[in-house]
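The values are calculated or read from the model by the stated rules, or taken from the named source; none is laboratory data. Keep in mind that this is a model prediction, so the values were computed, not measured. Every residue, glycine among them, receives a Cβ derived from its backbone with ideal geometry; neighbour counts consider all protein chains shown.
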Amino acid sequence: MLKQHIKLYPYQEESVSFLEEHRGCGGVFHEMGLGKTLVAVAYTAKHNLKTLVICPAYLKYNWQDEIQKFTNNSVGIMTKTSVPDTDYVIINYEMLHTLQDNIKAIPFDCVVLDESQYIMNIKSRRTISTYPIVRQIPKRILLSGTPIKNRIAEFFTQIDIIRPGFSSKKDYEHAYVGNKINLKNQEVDLSKLQDVNRMLKKYCIRRQKRDVLKDLPDKAYSTVGVNLPSSVLSPLRGTSGLEYVNRARTLLSKAKIEECVKMIQDHIESDSKVLVYSQHIDHITEIFSRFQDQAVLHFGGINPKIRNENVKRFQEDPSIKLLVGNTDTAVGYTATAADTVIFLDLPWSPSDLKQAEDRAHRIGQKNAVTVKYLIARGTLEEEILRLLQAKEKLLRGSLDGSAEDINIDIRNELIESINNAA
């Protein structure tokens, strides 16, 4: 059972009831920051279920902390040499293929797949390793704030785990994808988006912050234009296509570091805590080196346990004013001590962008959150930002049923953006 002092919000209680009604098989796909972990723990603890938690490696220790915070149940992390005999057993996706026999030997009642978009590719080793394990466990809970990252087709594996055999992949694509809803051809079919949303509601529950947390502080956006000399891109003469795009993004990001450092200093001097994100590890470590005594790091090359400790320091230590991280690993942790989120550069996926900014904008945040995009004026970064915003509209239409908000004629704008960037 949950510890006595742990209380659920009404929408979290509703989510637990949803899982009850669906016999423990369903997706909890609330927006980031609405406490999906607590929903899964509340349901499994209520029924005293022996539970396997599968999550990204960097979230294992976060899950261990959360279970210990919410319950008195025992919890352990599975390794190659240790199979804990505990109420909750935690393992990361990457280890499933080597420990399948060990896991199958344990009579789990329930499995929780955290950040379930990790298994969106039906052909990946991660997904292939997950299927035989979860299929033998009677109750299956999927958690994600961004279950669809880019394409509707990616959602098939998640629904297939919640409701095995609900459809063949071919029939699913015919019914919900067709020839239109993809990123190469952006002719949006509103009826299909509405069909996707209706299908989602059968198997999943999703709530948005604006609907359930009326008192959560606002989130404001600011695009900060940075003027850079044209010589920044001079090394790219003679290059084109994807090579040009990738190299240009790296050069532009590096050229904005000094502007980013000034912005961080201004915020720290005004006693704010700041999150800064980049796709480039070299740029992350460069920014960190300017604020070492006041900063912590968070990216994939750091041991997950240390990453977890760094987040705790950022949250609890008044002297730590800055967390510098990689957008790719900005999932599953809480950094509500920050009131400012700065993106040195932009990812390609709108869901990665939302995941990162909502590390600060979530339950527990007391202040308004400002999200700032540093954009090099007159460069492909402006096109990338427009592309991300258009992608987000498409995803919002399928996840939240807001198809009426989608500009039907976004295809030409997107194709033009891609061509300009290339």
Residues in region 1-39 that are touching a strand residue (DSSP E or B) at 6+ places or on another chain (Cβ under 6 Å) and within 19 Å of ARG359 (Cα to Cα): how many?
4
For region 347-364, name all the residues that are assigned to a loop (DSSP other than H, G, I, E, B) and within 18 Å of the chain's Cα centre (by Cα).
PRO347, TRP348, SER349, ASP358, ARG359, ALA360, HIS361, ARG362, ILE363
Given the criterion of a type outside the set (S, T, N, Q), more than 24 Å from ILE162 (Cβ to Cβ) and not assigned by TED's automatic domain parsing to the domain that holds ARG362, identify the matching residue among ASP101, ASP87.
ASP101
In region 291-330, which residues are surrounded by fewer than 23 Cβ atoms within 10 Å (Cβ to Cβ), under 20 Å from the mean Cα position of the chain (by Cα) and of a type in the set (Gly, Ala, Ser)?
GLY300, GLY301
Considering only strands (runs of 3 or more DSSP E) wholly within region 1-113, the ones with at least 2 residues that are within 22 Å of the chain's Cα centre (by Cα) and at negative phi are 25-28, 51-55, 88-92
So LYS202 passes all but one of these: (1) outside any loop (DSSP other than H, G, I, E, B); (2) out of contact with any Phe, Trp or Tyr (no Cβ under 8 Å at 6 or more places or on another chain); (3) at pLDDT below 80. Which condition number does it fail?
(3)
Condition first: touching a strand residue (DSSP E or B) at 6+ places or on another chain (Cβ under 8 Å), modelled with pLDDT of 80 or more and in a helix (DSSP H, G or I). Can you find one or more residues in region 206-224 that meet it?
no
Hey, any hits in region 165-183 for a residue that's within 21 Å of the chain's Cα centre (by Cα) and either modelled with pLDDT of 90 or more or farther than 18 Å from ILE54 by Cβ (or both)?
yes
If you scan region 149-167, which residues turn out to be more than 15 Å from LYS202 (Cβ to Cβ) and in a helix (DSSP H, G or I)?
ILE152, ALA153, GLU154, THR157
Residues of region 114-126 being out of contact with any Phe, Trp or Tyr (no Cβ under 8 Å at 6 or more places or on another chain) and not in a helix (DSSP H, G or I), which ones?
GLU115, ASN121, LYS123, SER124
Filter region 260-297 down to residues that are without any contact (Cβ under 8 Å) to a residue 40 or more places away in the chain, within 22 Å of PRO347 (Cβ to Cβ) and not hydroxyl-bearing (Ser, Thr, Tyr), then give me how many there are.
7
Any idea which residue in region 91-115 is surrounded by the fewest Cβ atoms within 10 Å (Cβ to Cβ), counting only those that are closer than 29 Å to ALA356 by Cβ and hydrophobic (A, V, I, L, M, F, W, C)?
MET95
Here is a check on your reading of the model: is ALA368 surrounded by fewer than 24 Cβ atoms within 10 Å (Cβ to Cβ) and either at pLDDT below 90 or aliphatic (A, V, I, L, M) (or both)?
yes
Within region 240-257, which residues are more than 24 Å from the chain's Cα centre (by Cα), in a helix (DSSP H, G or I) and modelled with pLDDT of 95 or more?
LEU251, LEU252, LYS254, ALA255, ILE257
Answer yes if at least one residue in region 307-317 is outside any loop (DSSP other than H, G, I, E, B), aromatic (Phe, Trp, Tyr) and farther than 23 Å from TYR61 by Cα, and no otherwise.
no
